[in-house]
Amino acid sequence: MTKTDLRTIPDFLDRNATVFAKAPAYREKEFGIWQEWTWSDAKAEIEEMALGLIALGIEIGEHVAVIGRNRPQLYMAMVSAQCAGAIPVPLYSDAVGEEIAYVLGHCSAKFVIAADQEQVDKVIEVRERIEGLRHVVYLDGRGLRKYDHSAMSSMAQLREAGRGADRAELDRRRAQQTGATTCVMLYTSGTTGKPKGVVLSHDNIVATSKASAEFDNLRQTDEVLAYLPMAWVGDFIFSIGQAMVTGFCVNCPESETTIMQDLREIGPTYYFAPPRVFETQLTNVMIRMEDASPLKKKMFDRAMAHAKTVGPRILDGKSVSAADRALYRLNELLVFGPLKNTLGLSRVRVGYTAGEAIGPELFDFYRSIGINLKQLYGQTEASVFITQQKDDEVRADTVGTPTPGVELRIADSGEVFYRSPGTFQEYYQNPESTASTKDPEGWVATGDAGFIEPDTGHLRIIDRAKDVGKMADGALFAPKFVENKLKFFPEIYEAVVFGNGRDRCVAFLNIDLTAVGNWAERNNIAYSSYQELAQHPRVLQIMRGHVASVNKSVAKDEMLAGCQIHRFLVLHKQLDADDDEMTRTQKVKRRTIEEKYSDLIAALYDGKDEVYTETEVTYEDGRKGKIRATLTLVDAEVVPVPTRTPERVVEAAE
């Protein structure tokens, strides 16, 4: 097989095991020690799993569900399913029984590869409802000794069965595979309804991985940390697609609680995180600086003030005076270097964020201290990459230019459409949705509203098309624009803005318990629960100040000045995926929240000072209960803006 014959993920596995045989393919921290698999080791283990699956009776085209946290064996299990001619379907490790039942039933999964007892229990709970499910393979057998093993086996047993199997059938199945063969099926987050199964071919994954890797000059020597959900398309592209195409190493943390420590130890050179992760990291930095000595706090503040004006210019290769460059280097030595090391980002050469719009202030902070953080725009249906930012064209207000091979166009309605080699094949067993999303010419509707800057070619995303509306006076309503500004403040974890068709906007806020709890401790404020802290008068006053600051910023934008928040409340609970208020990728289910908390929205518009509410919640063990609370409704400071006629609204929009 020559390099020009590389069409599928298993093809690249063969190449890597030959060309990069002794180079690390995977690492995992276990019991405090980093374990390593070379590409040669990985190929041997993957082929044993594939032969074991064939011995268990897996057929070409059948679906194999994979569920668990990021672990090398689970990544290798997905590739082994591909080698055997099957289709891997990764699931979210924190999915509850009903969510797992839906996906397993929808894709008619025949096999499940589960990480541990927790995931096996979820499958057993719903197994009787899944027609055709034949076998469960588990990686960690702790707690499973007394389970019924008639249709269950360990990963070790699977590999053992593969060691003695005849390779002829595996070779036959491999020979039948082409670029058009299905590579993986990934489910959408289900923001507006039931998740849809997105069918992606090897051509989709390989072409997108190649183009994006070449765009950023990714190399075999790069390192990534695989900590995001395996069911998310981004993790599949980074940890399987790009990893196989370039041959770089995928590092898996020991657990969710050790991610930051493991990040510092690995020091990835290629790093992706959604805005929420960067927000959390910055919040932790600011909390620590509040506890620092006055001298250190003063040094930090001065260094950051200088970095905001100089750092991005140095990063972009623009001219900077010798004095500014010297001062920046001194601050790098004393402040930024230790800070980046603490964050685990010292070696990052290429960093990306996507999934939600990132606040300009947050974005500028990381670039100011020398981290090459950029934005990309993507979707599951595009095999992630639609647009990316070039190193010398990085801005907070755009998502970059089209990834090589991608075409963009903006419909008359303002919706963004794209066409690319990564475009999905279909929604599984859903021809109606497929036809409504992808036209016969291959153009895909993103569901997002935006526009292309004529002078730069950069794409700017306004909001989800269905969320963009108009105020009662005809002014543009774009809630995400305001929500992202609110979430820049460390004390605000989540925000949801309402106002479509209304004469003014109102908002729900969630406090960040870590940030606000730390503030309460420093100010000797006692509290017994999240609910009590969220309703504390001084906390509400802090939130009022943040909302006022955001209103001042929003008022400067002529098109969106009408989106200022007039009233708000701080919710008595965090929005949670288990309560169907967020997706598993932490996106707000706006319509669900509007229905669930309709009484609170009505109270904000009715001018009440407080409102009593009862909310059903789901506990970690699956039990349901109710939270009762009386919430304070707060009036916000609003910046007066000139009354806008419909004609002026149209002119501004144009």
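Just so you know, all these numbers are worked out from the coordinates, no wet-lab data involved. Quantities reported herein were computed from a predicted structural model and do not represent experimental measurements. Positions of Cβ are backbone-derived with ideal geometry, glycine not excepted, and every protein chain shown enters the neighbour counts.
Starting from the 7 Å offset along Cα-to-Cβ, what nm value, one decimal, do you get for the label separation of GLU59 and LEU334?
Placing both labels 7 Å along Cα→Cβ, they lie 7.1 nm apart.
Enter the Cα centre distance for the pair the range 541-573 and the range 242-312, rounded to the nearest angstrom.
Distance between centres, Cα-based: 28 Å.
Have a look at ILE237, PRO640, PRO253 and report the one farthest towards the positive end of the charge dipole of the chain, computed about the Cα centre with Cβ charges (Lys/Arg +1, Asp/Glu -1).
Highest projection toward the positive end goes to PRO253.
Relative contact order (percent) for the chain, with alpha-carbon contacts under 8 angstrom and 6 or more residues of separation?
After rounding, I find 10 percent.
Given Cα pairs under 8 Å that are at least 6 residues apart, what percent is the relative contact order of the range 469-653?
This gives 24 percent for the range 469-653.
Would you calculate the convex hull of the Cα atoms in the range 506-576 and tell me its volume per residue in Å³?
94 Å³
For the Cα atoms of the chain, what angle does the longest principal axis make with the long axis of helix 513-522, in degrees from 0 to 90, nearest 10?
Between the helix axis and the principal axis of the chain, the angle is about 50 degrees.
If I model a spin label as a point 7 Å beyond the Cα along the Cα-Cβ vector, how far apart are those points for ALA472 and LEU513 in nm?
Distance between the two pseudo-spin positions: 3.8 nm.
Let me make sure I get this right: for the range 193-278, a, b and c are the square roots of the gyration tensor eigenvalues over alpha carbons, sorted descending. Under 1.5 in a/c it's rounded, otherwise prolate if a/b > b/c, else oblate. Which is it?
In terms of gyration-tensor shape, oblate.
Could you work out how far the C-alpha centroid of the range 216-241 sits from that of the range 67-94, in angstrom?
The range 216-241 and the range 67-94 have Cα centres spaced 14 Å from each other.
Viscosity 1.306 mPa s, temperature 10 °C: what is the translational diffusion coefficient of the range 469-653 from Stokes-Einstein with a Kirkwood Rh over Cα pairs, rounded to a whole number of µm²/s?
Working: Rh = 17.2 Å.
Roughly 92 µm²/s, to the nearest whole number.
Working from the alpha-carbon coordinates of the range 208-353, get Rg over Rh, Rh being the Kirkwood radius.
1.01
Restricting to Cα pairs below 8 Å that are 6+ residues apart, what does the relative contact order work out to for the range 342-494? Please round to a whole percent.
Here the relative contact order equals 17 percent.
Among 279-289, 357-367, how do they line up from the highest to the lowest mean number of other beta-carbon atoms within 10 Å?
Values: 279-289: 17.5, 357-367: 20.6.
Packing order, densest peptide first, comes out as 357-367, 279-289.
Which shape class, rounded, prolate or oblate, goes with the range 92-187 when its Cα gyration tensor gives a ≥ b ≥ c as root eigenvalues, a/c under 1.5 marks rounded, and past that a/b bigger than b/c marks prolate?
Numbers: a/c = 2.23, a/b = 1.26, b/c = 1.76.
Oblate, because a/c is 1.5 or more while a/b does not exceed b/c.
How many angstrom separate the Cα center of the range 356-427 from the Cα center of the range 109-135?
37 Å
In which sequence would CYS183, CYS83 go, from the one with the fewest C-beta neighbours within 10 Å to the one with the most?
CYS83, CYS183
Using only the Cα atoms of the range 49-95, construct the convex hull and provide its projected area averaged over every direction, in square nanometres to one decimal. Could the numbers behind the result be given before it?
Numbers: hull surface 12.0 nm².
In nm², the orientation-averaged hull projection of the range 49-95 is 3.0.
Mind jotting down a quarter of the surface of the convex hull over the alpha carbons of the range 351-510, in square nanometres, one decimal?
Mean shadow area of the hull around the Cα atoms is 11.3 nm².
Specify whether the C-alpha gyration tensor of the chain places it in the rounded, prolate or oblate class, a ≥ b ≥ c being the square roots of the eigenvalues: rounded for a/c under 1.5, otherwise prolate if a/b is larger than b/c and oblate if not.
Taking the square roots of the gyration eigenvalues as a ≥ b ≥ c, the chain is prolate.
Taking the chain as the reference, fit the longest principal axis to its C-alpha atoms, fit the long axis of helix 39-55 to the helix C-alpha atoms, and give the angle between the two in degrees, 0 to 90, nearest 10.
70 degrees
Under the Kirkwood approximation applied to all pairs of distinct alpha-carbon atoms, what is the hydrodynamic radius of the range 5-132 in Å?
15.5 Å
Taking the 0 to 90 degree range and rounding to the nearest ten, how far is the long axis of helix 322-331 tilted relative to the main principal axis of the chain, both from C-alpha atoms?
So the helix axis and the longest Cα principal axis differ by about 70 degrees.
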